[in-house]
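The values are calculated or read from the model by the stated rules, or taken from the named source; none is laboratory data. Every value quoted in this text rests on a predicted model; they were computed, and no experiment measured them. All Cβ positions, glycine included, derive from the backbone under ideal geometry; neighbour counts span all protein chains shown.
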Amino acid sequence: MTRQYSLCGNRWDAETYRVGVLREVAGRGGSAYVHDVLAVGDLVGLGGPRNNFPLVPASRYLFVAGGIGITPLLPMVHQAELLGADWTLVYGGRTRGSMAFLDELAVHGERVHVVPQDECGLIDLPRWLGAPDPATKVYCCGPGPLLDAVERICAAWPPFALRTERFVAREQGAPSRTTPFDVELARTGGTVTVPPDLSVLEALGKAGVEVLSSCRQGLCGTCETDVLAGLPEHRDSILDDAERAAGDCMFVCVSRSLGDRLVLDL
Amino acid sequence: MSLAAVPTTTVDPFSPEVLADPLPFQERLREAGPVVYLTSHGVHAFGRHEQVHAALTNWQGLQSGAGVGLSNFRLEKPWRPPSLLLESDPPRHDAPRRVLSAVLGPRVLRSLRERWSADAEALVDEVLAGPDEFDAVPALAEAFPLRVFPDAVGLGPDGRENLLPYGNHLFNAFGPANALVEAGRPRAPELGARVAGQCAREALSGDGFGAAVWAAADRGEITPEQAPLVVRSLLSAGIDTTVHGLAAVLHAFATHPAQWRRLRERPQLARVAFDEAVRWQSPVQTFFRTATRDVEIGGTVIPDGGKVLMFLGAANRDPRRWADPDAFDLGRDPSGHVGFGMGLHQCVGQHVARLEAEALLTALAARVASIRQVGDGERQLNNTLRAWASIPVRVHRA
Ligand code: HEM
Ligand code: FES
């Protein structure tokens, strides 16, 4: 199975990724797997991190988190602090006991407003978002109804003031292949089989087809290759969702194939 | 390991003798050890691929925000407002980098490919209409980037002649305050002001990289105050580098006729050829970093606040990493060279440079049967760039 989680660790620690996973009783099995099966010492595969929810510069930030929607906002809080920006976090959840990372957030004192529903009711959004402020960017992550409500109120705010990330079960593509696939070379002719333990770039190299590369981590864009047919499984940190969906190019150092066959412009 | 165990050298890598021919010094540096202390400037230096790569990818321990030249911005005031990309660290580096990566992204460049190929063909035809012998630096290496890049950024017609002198001084200024920097100093404020003026929204056309940067500011991805500095980074980092990158590949072919024949047989090798030339000549030779804490590299602890000097050019010829490193060879896979840097600050314009080179080399390969350098040519000394003033060549048309 493949799932996307927000990295909520410290970027200044180059050796660790941290994610926060809420057990979803009615989920599709990803969170249950993490909670029940995954154990310390197990190996998991990972695709290149992508940032679809970047912190843009502002002198003031209002962060609004609902439940496990706190995870992408945690590193933002840290960065806002480093940038010396004026920031406030309003964090709602069902009960204090169900809300993750409260201990970690406690160091920020007054800037953090914890709103457990059983004690205080829902977040009083009009109070926090009532008066549009051109110097403030609003970041919101959490369940759909919270985002909908924030979006409604922020309609009165300047354009681009509100930035949101929806925790929806994104349509997951087919799971990563664990079997080999073929890469057909349209220009030079010939076919190269890519086994599960080699990247497309490595398999091509072994077959004597040199593709220029640099970072080999899906970051720099050097190994971009045109896809003429087949569906790539994108694992880079470069393309946005629309570019991924277009499926007409891929970064062969990390990305693979969803189907049995890819035709590349090589 | 104690400091006493670190080999030292008194040689000044920014002296005119070393700049004119850096290879012997770089070899001694590599062979002396993974880390060498330069007494001339009080910094630790890396000449081997492993340590240069490790330093480039360790943005947490070795920062750019205190300047990527010798000057330490923690102690000295920079000569110009620092770059929001090159001379900054996360989290401040994030937003400008994200914007420029998108502005210069693969999709955008695809749309430029045809136009630049046509421009390259036109330029090569003009040059070939003249005498068989010409100077490839002004005729091609300078002419092509100056023809396509300022237009792509959206600069107005005036003031383009300031771009090369500005870039030349900027790259000198990363080194020590030697005669090269002194020579540029009188005009630096004027050039800086003129280039800054070209980055304003009103000064830029509506459809270039510059306008795209301003559009990102309109969407709040960077602030309106940041936009001109992000545009400036295109003008600072995007012209002299490509000029000397193209000069490097032209010099390489003009001195390696067998490789030129190989390119003519398989013009798709143009991309590999350019990266191989960037490896072999390393138009950007060096950059500095500053330790954010005591950081261990290659068995030596760099003290907090200490400057380190990374020799990209030396790493690109390290025999520990490359077989027959001094050969310019289209059969080699140059992937993994550090001529464009590596990691967080890796050149955001590398695809622009590659596209320019591919267009020019493809146009030349189709029209020129042989290109030979006539004489040694003339280097242009610069504290950071391995640059050419003149490469006289003789060509035979195909
Ligand atoms: C052959 C041509 C070029 C070479 C050899 C080159 C080399 C480099 C190197 C080595 C770095 C890394 C600096 C560091 O790590 O501190 C860099 C960064 C950069 N380059 Fe290039 N460059 C070239 C062309 C270009 C072009 C055409 C552009 C603009 C379109 C450009 C824009 C930049 C910028 C803005 C940065 C800073 C990126 C950052 O700090 O995030 N370069 N370049
Ligand atoms: S080599 Fe950098 S993206 Fe593939």
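Observations
- Going through (1) facing chain B (nearest Cβ under 10 Å); (2) surrounded by 15 or more Cβ atoms within 10 Å (Cβ to Cβ); (3) within 30 Å of B:Ile222 (Cβ to Cβ); (4) within 16 Å of ligand 2 (Cβ to nearest atom) one by one, A:Asp240 falls short only on (2).
For every residue, the table says whether it meets (1) in contact with a Gly (Cβ under 8 Å, 6 or more places away or on another chain); (2) surrounded by fewer than 23 Cβ atoms within 10 Å (Cβ to Cβ).
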position	(1), (2)
B:Arg219	no, yes
B:Glu225	no, yes
B:Val230	no, no
B:Leu234	yes, no
B:Thr241	yes, no
B:Leu250	no, no
B:Phe253	no, no
B:Ala258	no, yes
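- Matching residues in segment A:221-238 - criterion: being in contact with a Gly (Cβ under 9 Å, 6 or more places away or on another chain) and either away from ligand 1 (no atom under 16 Å from the Cβ) or not aliphatic (A, V, I, L, M) (or both): A:Gly221, A:Val227, A:Gly230, A:Leu231, A:Pro232, A:Glu233, A:His234, A:Arg235, A:Asp236, A:Ser237
- Members of segment A:186-216 that are within 16 Å of ligand 1 (Cβ to nearest atom) and among the polar types (S, T, N, Q): A:Ser214
- Segment B:218-240 - residue that is touching a residue at least 60 places away in the same chain (Cβ under 8 Å) and within 14 Å of chain A (Cβ to nearest Cβ) and, of those, nearest to ligand 1 (Cβ to nearest atom): B:Val230
- The conditions of being within 14 Å of another protein chain (Cβ to nearest Cβ) and either part of a helix (DSSP H, G or I) or within 16 Å of ligand 2 (Cβ to nearest atom) (or both) are not met by B:Arg194.
- Restricting attention to segment B:139-192, the residues being more than 13 Å from ligand 1 (Cβ to nearest atom), closer than 23 Å to B:Leu70 by Cα and of a type in the set (A, V, I, L, M) number 9.
- Within segment A:119-132, the set of residues being in contact with a helix residue (DSSP H, G or I) (Cβ under 8 Å, 6 or more places away or on another chain) and either closer than 21 Å to A:Ala100 by Cβ or outside the structural domain of A:Glu151 (by TED's automatic domain parsing) (or both) comprises A:Glu119, A:Ile123.
- Of the strands (runs of 3 or more DSSP E) contained entirely in segment B:294-398, those carrying at least 1 residues that are more than 16 Å from ligand 2 (Cβ to nearest atom), away from chain A (no Cβ under 14 Å) and modelled with pLDDT of 95 or more fall at B:300-302, B:307-311, B:368-373, B:378-380, B:387-390, B:392-397.
- Annotation for segment A:186-206: at least one member residue is in a loop (DSSP other than H, G, I, E, B), among the charged types (D, E, K, R) and more than 25 Å from B:Gly339 (Cα to Cα).
- Residues located in segment B:126-143, provided they are assigned to a helix (DSSP H, G or I) and of a type in the set (A, V, I, L, M, F, W, C): B:Val127, B:Leu128, B:Ala136, B:Val137, B:Ala139, B:Leu140, B:Ala141, B:Ala143
- Here B:Arg289 passes the criteria (1) out of contact with any Gly (no Cβ under 7 Å at 6 or more places or on another chain); (2) within 14 Å of another protein chain (Cβ to nearest Cβ); (3) within 9 Å of ligand 1 (Cβ to nearest atom) except the one numbered (2).
- Qualifying residue in segment B:109-125 (condition: within 26 Å of B:Ala203 (Cα to Cα), part of a helix (DSSP H, G or I), within 11 Å of ligand 1 (Cβ to nearest atom) and touching a residue at least 24 places away in the same chain (Cβ under 8 Å)): yes
- Selected residue [within 13 Å of ligand 2 (Cβ to nearest atom) and at the interface with another protein chain (Cβ under 10 Å from one of its Cβ atoms)] from A:Val211, A:Val252: A:Val211
- Residue, farthest from the chain's Cα centre (by Cα), within segment B:282-306, restricted to residues that are under 17 Å from B:Leu29 (Cα atoms) and crowded, with 20+ Cβ neighbours inside 10 Å: B:Thr300
- Residue within segment A:143-157 that is in a strand (DSSP E or B) and not β-branched (Val, Ile, Thr) present: no
- Pairs linking a residue in segment B:82-96 that is of a type in the set (Gly, Ala, Ser) to a residue that is modelled with pLDDT of 95 or more, with Cβ atoms under 6 Å and 6 or more positions apart or on different chains, are B:Ser83/B:Ser233; B:Ser88/B:Gly65; B:Ala95/A:Val56; B:Ala95/A:Pro57; B:Ala95/B:Ile222.
Conditions tested, residue by residue: (1) buried (at least 23 other Cβ atoms within 10 Å of the Cβ); (2) more than 15 Å from ligand 1 (Cβ to nearest atom); (3) farther than 14 Å from B:Gln346 by Cα.
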position	(1), (2), (3)
B:His41	no, yes, yes
B:Asn58	no, no, no
B:Ser71	no, no, yes
B:Lys77	no, yes, yes
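- Which numbered condition B:Val99 fails, given (1) in a loop (DSSP other than H, G, I, E, B); (2) buried (at least 22 other Cβ atoms within 10 Å of the Cβ); (3) within 11 Å of another protein chain (Cβ to nearest Cβ): (1)
- Filtered residues of segment A:11-25 (kept if surrounded by fewer than 11 Cβ atoms within 10 Å (Cβ to Cβ) and away from chain B (no Cβ under 14 Å)): A:Val25
- Top-ranked residue in segment A:214-237 [being within 15 Å of ligand 2 (Cβ to nearest atom) and small (Gly, Ala, Ser); ranked as nearest to the chain's Cα centre (by Cα)]: A:Ser237
- Flag for B:Gly343 being in contact (Cβ under 8 Å) with a residue 60 or more places away in the chain, under 18 Å from the mean Cα position of the chain (by Cα) and more than 18 Å from B:His251 (Cβ to Cβ): yes
- Test: A:Val138 is within 15 Å of A:Gly92 (Cβ to Cβ), under 20 Å from the mean Cα position of the chain (by Cα) and β-branched (Val, Ile, Thr): yes
- In this structure, B:Phe288 qualifies as assigned to a strand (DSSP E or B) and of a type in the set (Phe, Trp, Tyr).
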